[in-house]
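In what follows, a single structure is set out as structure tokens and then discussed.
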Amino acid sequence: QEQIEKKENKVIVIGETHWTKEIPIFLCNLITKLKNLDYAVAFEIPSEYKNNLDYFFEQEKGCGLSTEGYRNLIEKLKSEKRKIFFIDEYAENQEQKENVLASNIIKLSNISEKLIIIMGDFHASKYPIEAGNEKITTTGSILNNSAIRDKIKFIRIILENQINDDFNKNFDEVVDIK
């Protein structure tokens, strides 16, 4: 919570492990505590579902944020009249997806006092990821080399079994929600 409230942290990129029950509940509780802060929230959900969220949650069960926990979080944000954005787009390949996500975040970075991004931790990694012989440029690594890099904080939310995960070094802070 304190990293989100710091004035210099204008864009908070939260990396989460998809399909967990605990992380959306944690995020809902966290965001509830930020009542006095002007913030918007952007989700790694395809923008085409902006006006049809029910369809997304019913039909896109394989998508990372298509869970009951995230549905509840979005409903909570709506009830608080928060600005909500969906920043994902269908892409032909991983590189295009990462570039689109980063571009959409940069466009939204001045929309409110704070912008909280909720996306998979793979995308949120502030450094490129080595996968075999391939180096994948992530959304976070694009943002980390962009004009807004000094305003961003990269946070990974983990479960207890990820505490010694080497991937944690790709984030400014790691929050273990046990």
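The values are calculated or read from the model by the stated rules, or taken from the named source; none is laboratory data. Remember, predicted model here, so these are calculated numbers, not experimental data. All Cβ positions, glycine included, derive from the backbone under ideal geometry; neighbour counts span all protein chains shown. Protein only, heavy atoms only, side chains kept; ligands, DNA and RNA dropped before computing areas. Shrake-Rupley method; radii C 1.70, N 1.55, O 1.52, S 1.80 Å.
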Carbon + sulfur, % of accessible area of the chain - ligands and nucleic acids excluded, 1.4 Å:
45
Which of the peptides 74-86, 142-154 is most tightly packed, and how do the rest follow, judged by the mean count of other Cβ atoms within 10 Å per residue?
142-154, 74-86
Label model pair residue 150, residue 165: point-to-point distance (7 angstrom along the Cα→beta-carbon line) in nm is 3.2
Tell me, in nm to one decimal, what length is gained between residue 136 and residue 106 on full extension, where the rule is 0.36 nm per residue of separation less the Cα-Cα distance?
8.8 nm
Could you give the accessible area per residue of the chain, probe 1.4 Å, as a whole number in Å²?
52
Size of charge dipole - the chain - debye, nearest 20, with Cβ of Lys, Arg +1 and Asp, Glu -1, no other charges
780
Using packing as a proxy for protection, rank 89-97, 101-109 so that the peptide with the highest average count of other Cβ atoms within 10 Å comes first.
101-109, 89-97
